[in-house]
Amino acid sequence: MNYQDFVKQESMYICSTYSRYPIALERGFACKVWDCTGKQYLDLLAGIAIAPLGHCNTEVRARLNEQANKLWNISNLFYQQEQLNLAKRLVESTNAQHSKVFFCNSGAEANEAAIKLARRYWQVYKQRESYEIISLSSCFHGRTLGTLAATGRENLSQGFTPLPDGFKQVPVNDLNALKEAITSKTAAVMLEVIQGEGGVLPLPFDYLKGVEALCKEKEILLICDEVQCGLCRSGQFWAWQLAGIKPDITSVAKGLANGLPMGAILATAEVANGFAPGSHATTFGGGCLVASVADKVIEIMQRDNLATRAEQIGNYFKGKLQNLAKKYAIIADVRGHGLMLGLELAKNGKEIWTDLLNNGFICGFSQNKVLRFLPPLIIEQAEIDSFVENLEQILQKY
Ligand SMILES: *Cc1c(COP(=O)(O)O)cnc(C)c1O
């Protein structure tokens, strides 16, 4: 089917909630994807960070096929080896910061679970009437009613009110504002170490350390939403390791099963006491098919030291973009860590983004001026070179 037919048929059969990029993709391998006309692209977005090991990774595909012949999902009524294997691996990845895992199916669900755990930890386990979640401006935590309330953007919640109570937002990078917002009702502060949807905004490490200290002092929990910045992308396995902070709860999803839907939260042994049998559940969460695949994904990340790779090749990429920024005034900023990078343009960049797409390069585009790069962590230096050369040719025109 060609692209025009897609547009026409979709408008007939699919709810119009997405503004899609103007191509229809049909096949992928490693960092390359092909559209319905057979045209090849370098994928610097990777399904918004969901394919850290590249598309159709051979080893992951072998694991998927193996488990597909054994068992897919039998609900959480039964013990499952695959879920346990993955939980152990995730816990070990935190260097003893976290002890227990709850599995779910998406980023929003993971953050929803984090919010529920924080509230129940205080209200039931600690017998303290705290429920309020404080988040930061320009954050993004998901599209369920609870996570929309945490996200706090009116354009996203328009028409969906009333949202649940008990959420407050403070300006990012302002410790005093946070200090003033905390009351005895506060249960947790929730943040992204590198804000993703907000336009790739890394939070300063001294600010993050300040938030951590404030949470300790005021006895409230710290939740790190690592749905986008986690799993080696930042240059550390967890982005909070970059800043040297220690959250009570970490949420994860996107890249966890390299493209299959999966999410999880990790919690300290103490905070995990907030959950008890029957207190929270999901039918699909941690099913053996996705758990087995995710177990392989984490195994490969650790075996191949992809955090270090993301740091090294990310620095190389960032350096090249910074060189362009010195030459072309239209580049206003280059920022990010590891392979989570953003390039902000001084004016509307839709034409530049479109030229890149036409030339066979897929990157993200937000706020009409930020090019976002979340490529597979296996991206090669030569692929980055080809992209940067192409971008430079386009910039010369503007
Ligand atoms: C994508 C994202 C979410 C939401 O994840 P879904 O799987 O789309 O529900 C939450 N938090 C962050 C930081 C994200 O990037």
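The values are calculated or read from the model by the stated rules, or taken from the named source; none is laboratory data. Predicted, not measured: the structure shown is a model, and the values here were computed from it. When we count neighbours, we look across all protein chains shown, and the Cβ atoms used for this are built from the backbone with ideal geometry, even at glycine. When the accessible area is computed, the model is the full protein with side chains, heavy atoms only, and any ligands, DNA or RNA have been set aside. Shrake-Rupley method; radii C 1.70, N 1.55, O 1.52, S 1.80 Å.
Details
- Residue match in region 143-150 (condition: under 15 Å from the mean Cα position of the chain (by Cα) and either more than 11 Å from the ligand (Cβ to nearest atom) or surrounded by 24 or more Cβ atoms within 10 Å (Cβ to Cβ) (or both)): yes
- Just one of the listed residues (ALA150, ALA181, ALA213, ALA188) is small (Gly, Ala, Ser) and in contact (Cβ under 8 Å) with a residue 60 or more places away in the chain, and it is ALA188.
- Against the test of being in a helix (DSSP H, G or I), within 20 Å of the chain's Cα centre (by Cα) and not acidic (Asp, Glu), the options GLY314, GLY336, GLY319 yield a single qualifying residue, GLY314.
- Taking the criterion of being open to solvent by 30 Å² or more (accessible area, probe 1.4 Å) and touching a helix residue (DSSP H, G or I) at 6+ places or on another chain (Cβ under 9 Å), the residues of region 336-354 that qualify are HIS337, GLU351.
- When region 18-55 is filtered for residues that are assigned to a loop (DSSP other than H, G, I, E, B), free of Cβ contacts under 8 Å to residues at least 60 places away in the same chain and surrounded by fewer than 16 Cβ atoms within 10 Å (Cβ to Cβ), the ones remaining, listed by number, are TYR18, SER19, ARG20, CYS36, THR37, GLY38.
- Condition check for LEU90: part of a helix (DSSP H, G or I), aliphatic (A, V, I, L, M) and modelled with pLDDT of 95 or more: yes
- Residue count for region 201-232 under the criterion of being within 11 Å of the ligand (Cβ to nearest atom), in a loop (DSSP other than H, G, I, E, B) and of a type in the set (A, V, I, L, M, F, W, C): the result is 2.
- Residue in region 213-231 that is open to solvent by less than 10 Å² (accessible area, probe 1.4 Å), out of contact with any strand residue (DSSP E or B) (no Cβ under 7 Å at 6 or more places or on another chain) and not polar (S, T, N, Q) present: no
- Residue check for LYS246: more than 16 Å from the ligand (Cβ to nearest atom), open to solvent by 50 Å² or more (accessible area, probe 1.4 Å), closer than 29 Å to ILE298 by Cβ and not in a helix (DSSP H, G or I): yes
- Flag if LEU191 is within 16 Å of the ligand (Cβ to nearest atom) and of a type in the set (A, V, I, L, M): yes
- Candidates LEU178, LEU156: the one that is open to solvent by less than 70 Å² (accessible area, probe 1.4 Å) and over 21 Å from VAL271 (Cβ atoms) is LEU156.
- The C-beta contact set for region 332-356 (first residue closer than 25 Å to GLN381 by Cβ, second residue among the aromatic types (Phe, Trp, Tyr), distance under 6 angstrom, 6+ apart or interchain) comprises LEU341/PHE373; TRP353/PHE365.
- Among (1) assigned to a loop (DSSP other than H, G, I, E, B); (2) within 16 Å of the ligand (Cβ to nearest atom) - the single one GLY274 does not satisfy: (2)
- Identity of the residue in region 122-133, away from the ligand (no atom under 16 Å from the Cβ) and touching a strand residue (DSSP E or B) at 6+ places or on another chain (Cβ under 7 Å), that ends up most open to solvent (accessible area, probe 1.4 Å): TYR131
- Residue under evaluation GLU112, criteria (1) closer than 20 Å to THR268 by Cβ; (2) open to solvent by less than 70 Å² (accessible area, probe 1.4 Å); (3) away from the ligand (no atom under 11 Å from the Cβ), criterion not met: (3)
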